[in-house]
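*Asks:* Let me give you the structure first, and then I'll get to my questions.
The values are calculated or read from the model by the stated rules, or taken from the named source; none is laboratory data. Everything numeric in this text was worked out from a predicted model, so none of it was measured. No Cβ is skipped: glycine too gets one built from the backbone with ideal geometry, and neighbour counts run over all protein chains shown. Please note that ligands, DNA and RNA were not included when accessible areas were found on the heavy atoms of the full protein model with its side chains. Shrake-Rupley method; radii C 1.70, N 1.55, O 1.52, S 1.80 Å.
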Amino acid sequence: MGIVHCVSDVEMIKHLLDYDKIATINVLGRMRFTKNWKIIVDNINRPKGFILKSDEWNIIYSPEDEVAKNMLENMNLKGQDFAGILKKYYDLIKSREEIDWEEQCYLYYMDKKDLDLTRIKHEVKELRVKDALVVNEYYTYKSKDSLEYIIDCIKNRPSSAIFDENGVPISWAVVREDGSMGIMYTKEEYRGKGLAVSVSIDLAKKVFDIGWVPYVHIVVDNIPSIKLAESIGFKRYGEIVWFGVK
C-alpha cells in the first residue's frame, strides 16, 4: 500500500456506506458481527473510497470507479485475498495481477415486503452447538478450522434447521460472520420436500428480527440455489467475486 489513511471513526465513511447499502452490505456485516477490522481511506479529510481489512480479507468500495482504481494501484496486491467485492473491482485487479483462486457469485438480497411466512411448511428450530459436527461433515469448504468456524456461527448469530425423528439436523442454514446467510444444505435423501424453503424463509425472518437485511452469495453455476433464492423473494443485485492474488 502506498499512502495509507487508517480511520477509527466509522462516521467518516458513513456517506459511502449509505450510498449503496446492498453493494456495501458485506462491509456493514463485518463491522456489525466481527471485531477484528480496520478501515483505510483515500483521503483523511473527505473520503471518496475505502478498503475494509477484516482478518485476511479485503473489501474495496467507492461510488467513483477512478477512486477505487487509484486505491488499488497504490495497494500491494500480492498475496491478498478479497471477500465478495463487486466484479468491476475484480476485473481491475485481474488486469494487472495473476489470480490465484476465485469464486464468482451473484449477490441476492430480500426486501421485508417479500418475506412470506406462509410458505414455511415444516417445524424449524435453531441449530445447537453439538449439531456443528453434522453441519461440518457436509460443509463444502470443510477444513481443519471449519468446525470452529461453524460453532462460532451457531453460538453468535441466528440459525435455522429441520431435524429428523432422532433429533439430527437434515436441513440447515446459518448467518455467517459478514451477515450473509450461508452454509445452506439439505441431506440428499430429504430433498424435493420443500425443506430448504422453510429453513431459508425462517432464517430470513430471524435476520429481519435482529434489524438486518437477508442476503446471500450464490456461486454463478449453482442453479438449484439460484432458483431457490428467487422463488422465495430474493432479488439479484449483481456479480461479486471472492478471490486471491498470487
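*Asks:* Being acidic (Asp, Glu) and within 30 Å of LYS205 (Cα to Cα) narrows it down to one residue among GLU98, GLU73, GLU103; which is it?
*Replies:* Exactly one of GLU98, GLU73, GLU103 is acidic (Asp, Glu) and within 30 Å of LYS205 (Cα to Cα), namely GLU103.
*Asks:* Separate question: Can you tell me which residue is farthest from the chain's Cα centre (by Cα) among those in segment 198-240 that are over 30 Å from GLU102 (Cβ atoms) and either modelled with pLDDT under 95 or part of a helix (DSSP H, G or I) (or both)? Break it down into steps so the answer makes sense when it comes.
*Replies:* Step one: list which residues in segment 198-240 are over 30 Å from GLU102 (Cβ atoms), which gives 198, 201-202, 205-206, 208-211.
Of the ones still in play, those that are also either modelled with pLDDT under 95 or part of a helix (DSSP H, G or I) (or both) are 198, 201-202, 205-206, 208-209.
Values: SER198: 20, ILE201: 17, ASP202: 18, LYS205: 17, LYS206: 16, PHE208: 16, ASP209: 18 Å.
The residue in question is SER198.
*Asks:* While we're on this one: Among (1) touching a helix residue (DSSP H, G or I) at 6+ places or on another chain (Cβ under 6 Å); (2) free of Cβ contacts under 8 Å to residues at least 12 places away in the same chain, which single condition is LEU147 missing?
*Replies:* Against the list (1) touching a helix residue (DSSP H, G or I) at 6+ places or on another chain (Cβ under 6 Å); (2) free of Cβ contacts under 8 Å to residues at least 12 places away in the same chain, LEU147 comes up short only on (2).
*Asks:* For segment 232-240, does any single residue satisfy the condition of being open to solvent by less than 60 Å² (accessible area, probe 1.4 Å) and within 30 Å of LYS78 (Cβ to Cβ)? Give the derivation first.
*Replies:* Start the filter on segment 232-240 by keeping residues that are open to solvent by less than 60 Å² (accessible area, probe 1.4 Å), which leaves 232-234, 238, 240.
Then drop every residue that is not within 30 Å of LYS78 (Cβ to Cβ), which leaves 238, 240.
Looking for residues that are open to solvent by less than 60 Å² (accessible area, probe 1.4 Å) and within 30 Å of LYS78 (Cβ to Cβ), one finds at least one in segment 232-240, hence yes.
*Asks:* Let me ask something else. Kindly list, by first and then second residue, each pair from a residue in segment 23-49 that is touching a residue at least 24 places away in the same chain (Cβ under 8 Å) to a residue that is of a type in the set (Asp, Glu) and open to solvent by 10 Å² or more (accessible area, probe 1.4 Å), limited to pairs with Cβ atoms under 7 Å and residues at least 6 apart or on different chains.
*Replies:* From residues that are touching a residue at least 24 places away in the same chain (Cβ under 8 Å), the pairs are ARG30/GLU177; PHE33/GLU177; THR34/GLU177; LYS48/ASP42; LYS48/GLU64; GLY49/ASP42; GLY49/GLU64.
*Asks:* Further, regarding this structure: Answer with yes or no whether ILE150 is of a type in the set (Val, Ile, Thr) and part of a helix (DSSP H, G or I). Let's see the steps before the verdict.
*Replies:* Numbers: of a type in the set (Val, Ile, Thr): yes; part of a helix (DSSP H, G or I): yes.
Yes, satisfied.
*Asks:* When residues of segment 8-33 are filtered for being modelled with pLDDT under 95 and either closer than 18 Å to LEU72 by Cα or assigned to a loop (DSSP other than H, G, I, E, B) (or both), how many remain?
*Replies:* 2
*Asks:* Only one of LYS69, LYS48, LYS35 is basic (Lys, Arg) and under 22 Å from VAL213 (Cα atoms). Can you tell me which? Before you say what the answer is, go through the steps one by one.
*Replies:* Details: LYS69 fails: under 22 Å from VAL213 (Cα atoms); LYS48 fails: under 22 Å from VAL213 (Cα atoms).
Residue meeting the stated conditions: LYS35.
*Asks:* Next question, about the same structure. Conditions first: (1) under 28 Å from ASP209 (Cα atoms); (2) touching an Asp or Glu at 6+ places or on another chain (Cβ under 8 Å); (3) in a loop (DSSP other than H, G, I, E, B). GLU123 passes all but one, so which condition is the exception?
*Replies:* Single failed check for GLU123: (2).
*Asks:* Taking LEU52 as the residue in question, decide whether it is under 22 Å from LYS21 (Cα atoms), out of contact with any His (no Cβ under 7 Å at 6 or more places or on another chain) and aliphatic (A, V, I, L, M).
*Replies:* Taking the combined requirement at face value, the residue satisfies it.
*Asks:* Across segment 6-58, what is the total count of residues that are within 24 Å of VAL175 (Cβ to Cβ), open to solvent by 50 Å² or more (accessible area, probe 1.4 Å) and among the basic types (Lys, Arg)?
*Replies:* Count: 5.
*Asks:* Do you know which residues across segment 155-174 are of a type outside the set (Phe, Trp, Tyr), closer than 24 Å to GLU189 by Cα and either open to solvent by 20 Å² or more (accessible area, probe 1.4 Å) or under 18 Å from the mean Cα position of the chain (by Cα) (or both)?
*Replies:* Correct list: SER159, SER160, ASP164, GLU165, ASN166, GLY167, VAL168, ALA173, VAL174.
*Asks:* Related question: Pull up segment 74-131, narrow it to residues that are under 24 Å from PHE50 (Cβ atoms) and β-branched (Val, Ile, Thr), then point me to the one that is most open to solvent (accessible area, probe 1.4 Å).
*Replies:* Of everything passing the filter in segment 74-131, ILE99 is most open to solvent (accessible area, probe 1.4 Å).
Condition check ((1) of a type in the set (Ser, Thr, Tyr); (2) in contact (Cβ under 8 Å) with a residue 24 or more places away in the chain) across all residues:
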site: GLY179; (1), (2): no, yes
site: GLY182; (1), (2): no, yes
site: LYS187; (1), (2): no, yes
site: ARG191; (1), (2): no, no
site: GLY194; (1), (2): no, yes
site: SER198; (1), (2): yes, yes
site: VAL207; (1), (2): no, yes
site: VAL216; (1), (2): no, yes
